[in-house]
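Enquirer: Here you go, one structure.
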Amino acid sequence: MELIEAITTRASKRKFKDQPIPHEIINKILTISLRAPSWANSQPWEIAVSTGKTSDIIKSRIYKSASNDDPGNPDFPFPVLWPEKQSKNMFETGKHRYESLKISRDDNDKRKEITLSNYLFFGSQTAIFIYMDENLGCWSMLDCGILLQNILLCVNDFGLGACPQAYLVRYPDVLRDAFNLSSSKKFVVGISIGYYDEKEDINNIYTSRNDLNEIVKFYD
Ligand SMILES: Cc1cc2nc3c(=O)[nH]c(=O)nc-3n(C[C@H](O)[C@H](O)[C@H](O)COP(=O)(O)O)c2cc1C
C-alpha cells in the first residue's frame, strides 16, 4: 500500500473478530512504527501489548467500572470544556456516526452499549498501550502521538483495523496492576487492534474534515 493510500483509507474500526493476532505481526508493526521521530531521539514511549488472559482481566475490570459510571482517574485528565469549533466538530461526528448506524438520538440503551464496547477492546483480543515515565512532559506526549499515527497506518497497511482510545486509559491503576508497573508510569493512550469485517456498518464510517481554507492560511 502506498503511503497516501494508507493515510486516506485509514479509519477507526470498532468491531473486531475474536481472533488472535500472531505476535510476529504485532512485532513487525511495532518495529516499523518505532521509526517515529522524537525530541533529540529521546524515544520517551514504552509499550505494553495485552493479549490472552491479560486482556480478559483488563476488560472485565474496566468494563465493570465503566458500567458503574465510575469516572476513572486518567493519568492525563480528559478535557471537560472544548472550544466552540471543536465541540461542533465532535457533535457532527457523533451525529454522523449514529445516523450511519441508524440509532436514534434518544436510544440511550444502544448508545450506552456502543460506548461500553470501548472497554471490551471492541471485541478484539489485543490492545496496545502507550505509556511513559512521569518525568516526561508534553513534548514527549507529542512524540507518542507520532508513534500512535505510525501504528495506525501500519495496521492499515497490514490489512488489520484499529481504534485509538482514550477510554482504554481511563482506569490506569488496572493497567499498572495488569502490567506490573509502578505508579511512576503514566498511560497515554490505548489502541484496540484486530481483524474486522468490512461489511459491518460500524466499520464503514468515514469521518469528514474541516475544509482546507478554514484551517490553512498562506502568508506570502
Ligand atoms: C487521542 C485519541 C483518543 C481517542 N479516543 C477514542 C475513544 O476512547 N473511543 C473511540 O471510540 N474513539 C476514540 N478515538 C477515535 C476518534 O473518535 C476518531 O479518530 C475520530 O472520530 C476520527 O475518525 P477516524 O479515526 O475514523 O478518522 C480517539 C482518537 C484519538 C486520536
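What follows is calculated from the coordinates using simple rules that are stated; it is not laboratory data. Because the structure is a prediction, the values reported are computed rather than measured. In this analysis, Cβ positions are derived from the backbone assuming ideal geometry, glycine residues included, and neighbour counts consider all displayed protein chains.
Enquirer: Could you tell me whether segment 37-117 comes out rounded, prolate or oblate from its Cα gyration tensor? Rule is a ≥ b ≥ c as square roots of the eigenvalues, rounded for a/c under 1.5, then prolate if a/b exceeds b/c, otherwise oblate. Please list the in-between numbers first.
Expert: Values: a/c = 2.06, a/b = 1.25, b/c = 1.65.
Oblate is the answer for segment 37-117, as a/c is 1.5 or above yet b/c matches or exceeds a/b.
Enquirer: Sticking with this one: Alpha carbon centre of segment 22-55 versus segment 143-160: separation in Å?
Expert: Value for the Cα centre distance between the two parts: 10 Å.
Enquirer: Another question about this same structure. Counting helices only, and only those DSSP H runs with n ≥ 4, report the 222 nm mean residue ellipticity of the chain as the sum of -39,500 (n - 2.57) divided by its residues, in deg cm²/dmol to the nearest 500. Don't skip to the end; give the middle numbers.
Expert: Numbers: 8 runs with 93 residues, N = 220.
Helices in the chain give a 222 nm mean residue ellipticity of -13000 deg cm²/dmol.
Enquirer: Just to confirm a number: summing +1 for Lys and Arg and -1 for Asp and Glu over residues other than Asn204 whose beta-carbon lies under 15 angstrom from that of Asn204, what do you get? Walk me through the numbers before you get to the answer.
Expert: Details: positive: Arg10, Lys13, Arg14, Lys15, Arg97, Lys102, Lys199; negative: Glu99, Asp197, Glu198, Glu200, Asp201.
In short, +2.
Enquirer: With each pseudo-label sitting 7 Å past Cα toward Cβ, what's the Ile57-Lys85 distance in nm, one decimal?
Expert: 4.5 nm
Enquirer: Between Ala11 and Phe76, how high is the FRET efficiency from 1/(1 + (r/R0)^6) when r is the Cβ-Cβ distance and R₀ = 35 Å? Nearest 0.05. The partial results should precede the final answer.
Expert: Numbers: r = 25 Å, r/R0 = 0.70.
Given R0 = 35 Å and the Cβ-Cβ separation, E is 0.90.
Enquirer: With a ≥ b ≥ c taken as the square roots of the eigenvalues of the C-alpha gyration tensor of segment 93-220, please select rounded if a/c is under 1.5 and otherwise prolate if a/b is larger than b/c or oblate if it is not?
Expert: Values: a/c = 1.72, a/b = 1.14, b/c = 1.50.
Because a/c hits 1.5 or more and a/b fails to exceed b/c, segment 93-220 counts as oblate.
Enquirer: Where Rh denotes the Kirkwood radius from the mean inverse Cα pair distance, what is Rg over Rh for the chain?
Expert: 0.95
Enquirer: When only Cα pairs under 8 Å and 6 or more residues apart are kept, what is the percent relative contact order across segment 1-157? Walk me through the numbers before you get to the answer.
Expert: Values: 116 pairs, mean separation 88.8, N = 157.
Reported relative contact order: 57 percent.
Enquirer: Gln165's amide H: which non-local residues (gap 5+, or another chain) put their own amide H closer than 5 Å, with H modeled 1.01 Å from N in plane and none for Pro or chain starts?
Expert: When sequence neighbours closer than 5 places are left aside, the close amide H contacts are Gly190, Ile191, Ser192.
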